[in-house]
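The values are calculated or read from the model by the stated rules, or taken from the named source; none is laboratory data. Note that the coordinates shown come from a computational prediction; the quantities given were computed from them, not determined experimentally. When we count neighbours, we look across all protein chains shown, and the Cβ atoms used for this are built from the backbone with ideal geometry, even at glycine. The area values use the complete protein model at the heavy-atom level, side chains included, leaving out ligands, DNA and RNA. Shrake-Rupley method; radii C 1.70, N 1.55, O 1.52, S 1.80 Å.
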Amino acid sequence: MGIAVNLVTYLGGTLHLPSSTSANVVTDFMGTSFLLCLLGGFLADTFLGRYKTIAIFSIIQTLGTGTLALATKLPQLRPPPCHGSHTCKQANGFQMGILYIALYLIALGTGGLKSSVSGFGTDQFDEKDEKEKSQMAYFFNRFFFFISTGTLMAVTVLVYIQDEVGRSWAYGICSVSMFVAVLILLSGTKRYRYKKSLGSPIVQIFQVIVAAINKRKMKLPYNVELLYEDTPETSRIHHTDRFRWVFQSTQSSAAIVGEGDLERNVGPAAAPNPWKLCPVTRVEEVKMMAALLPIWATTILFWTTYAQMMTFSVEQASTMERSVGGFQIPAGSLTVFFVAAILITLAVYDRLVMPLWKKWKGKPGFSSLQRIALGLALSTMGMASAAFFLVGAGEAFIYTGQLDFFITQSPKGMKTMSTGLFLTTLSLGFFVSSLLVSVVKSVMGGSNGGQGWLADNINHGRLDCFYGLLAVLGVINFALYIVSAVWFKPRKSKPAALQMDT
């Protein structure tokens, strides 16, 4: 966050890129960071495990921030200063290339780190222990609270150092901080709890799809007990009619025993070809993941709104009078209101709302679906009024709600993937922001001498119209989310401390 929140001013002020281009560089960087979480999750599930994934990719992120510190320090890696409105020279391909190498090393490190860190945190709790099960209910809020505390330091201390001391110093601090974090992580190696990886759920999903397509013309047996199942009874998920109108004759057919499917099933350790025959439990796990997709799709737009906090809101702040006495507040530091809203909301929710709700309803706080709804509603109101405190409060609810929802409502063996699925909503939100900016720039680019909604000089544009467009899209998206949340049926068997309303 210390890199992303003030990067747009560096791209415009030092590298002399246009306003919309600068915004898209930032959102593409953030989008790629979260999209790579799918790669990180795959490696954690298949080869490395969560702990090694976190350690390796944290080191990669450290290297990326160090490279960025060098890229902003060396004068050869940036264009000469601008001495007039018509003498600004944009950064050349080599200079932009070095910057992109640094940014996308950071993005790669972020992808591996974020995909596993929350899941590795929940691995430290034993769901069979009532005390630890209760502690897990508070984990997601406190996990995000500490992330937001780091963000608060980024938008205050680091942004000030970037503007007043030097960007290379600030990015150097980021690199050293990451190095210290790696050492702290390694110091706890002998005390962590480690859970064995069950293989890549992505491969398992494709196995179900391939087997189902190959058997799409086969009819289900009259008795579902005749479908193939080899999962131990304690971990078994029984056949359901979920998605009957879509999957009954396709997806569930992956568990139909056909001629020759069991020929390899000789001996206690043998098993049929998983690309031809899948157990009912695996088929039901794929159905469970598919059921998450409507909620997943309707939360993407929130992160499109969030993207404006690190792009146009910072550009907007740079045009304002920010002097308090003799102190000049950095433009990037105005997002402190956004971060403060997150911290205040999480603190009030954790210490006041959750205990009261537990006494009244017997449940520790709002359900994950209710928190997501609150987040979407507050963010839409925030765009409508440009009161970013509301967007910050919205993030406090939607981030914890999404994280809770995707982890608790996914199959046991697919929790790392579900975390990656959640993080792709952030990724796609940033990419949608880039696409939206490009479309608005093209369609509303201005005519008759005007500069359109997103002018290079923000005072000559109509940023209010752009925010209004996001508010309208937010209203439509919120309505779709309500329909999806009403349709969704939560899992019936889950830890008591993480129960949700049906």
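Pairing each residue of segment 208-223 that is outside any loop (DSSP other than H, G, I, E, B) with any residue that is at pLDDT below 75 and of a type in the set (Phe, Trp, Tyr), provided the two are 6+ apart or on different chains, yields C-beta distances under 9 Å for Ala212/Phe247. Of the helices (runs of 4 or more DSSP H) lying entirely inside segment 347-441, the ones with 2 or more residues being within 13 Å of the chain's Cα centre (by Cα) are found at 388-408.
Taken across segment 327-337, residues that are in contact (Cβ under 8 Å) with a residue 24 or more places away in the chain and under 24 Å from Thr298 (Cβ atoms) do not occur at all. Taken over segment 335-381, the criterion of being over 21 Å from Ile482 (Cβ atoms), aliphatic (A, V, I, L, M) and open to solvent by 50 Å² or more (accessible area, probe 1.4 Å) is satisfied by Ile344, Val348, Leu352, Leu356.
Of the residues making up segment 185-206, one or more are among the hydrophobic types (A, V, I, L, M, F, W, C), at pLDDT 80 or above and closer than 27 Å to Met1 by Cα. Annotation: of all residues in segment 123-137 being in a loop (DSSP other than H, G, I, E, B) and within 24 Å of Ala44 (Cβ to Cβ), the one that is least open to solvent (accessible area, probe 1.4 Å) is Asp123.
The residues of segment 443-470 that are open to solvent by 40 Å² or more (accessible area, probe 1.4 Å), closer than 22 Å to Met381 by Cα, modelled with pLDDT under 80 and not in a loop (DSSP other than H, G, I, E, B) amount to a single one, Asp464. Here is a list of conditions, (1) touching a Phe, Trp or Tyr at 6+ places or on another chain (Cβ under 6 Å); (2) at pLDDT below 80; (3) surrounded by fewer than 24 Cβ atoms within 10 Å (Cβ to Cβ), and Val440 meets all of them except one; can you say which number that is? Among (1) touching a Phe, Trp or Tyr at 6+ places or on another chain (Cβ under 6 Å); (2) at pLDDT below 80; (3) surrounded by fewer than 24 Cβ atoms within 10 Å (Cβ to Cβ), Val440 violates only (2). Number of residues in segment 161-207 that are assigned to a loop (DSSP other than H, G, I, E, B) and open to solvent by 30 Å² or more (accessible area, probe 1.4 Å): the value is 8.
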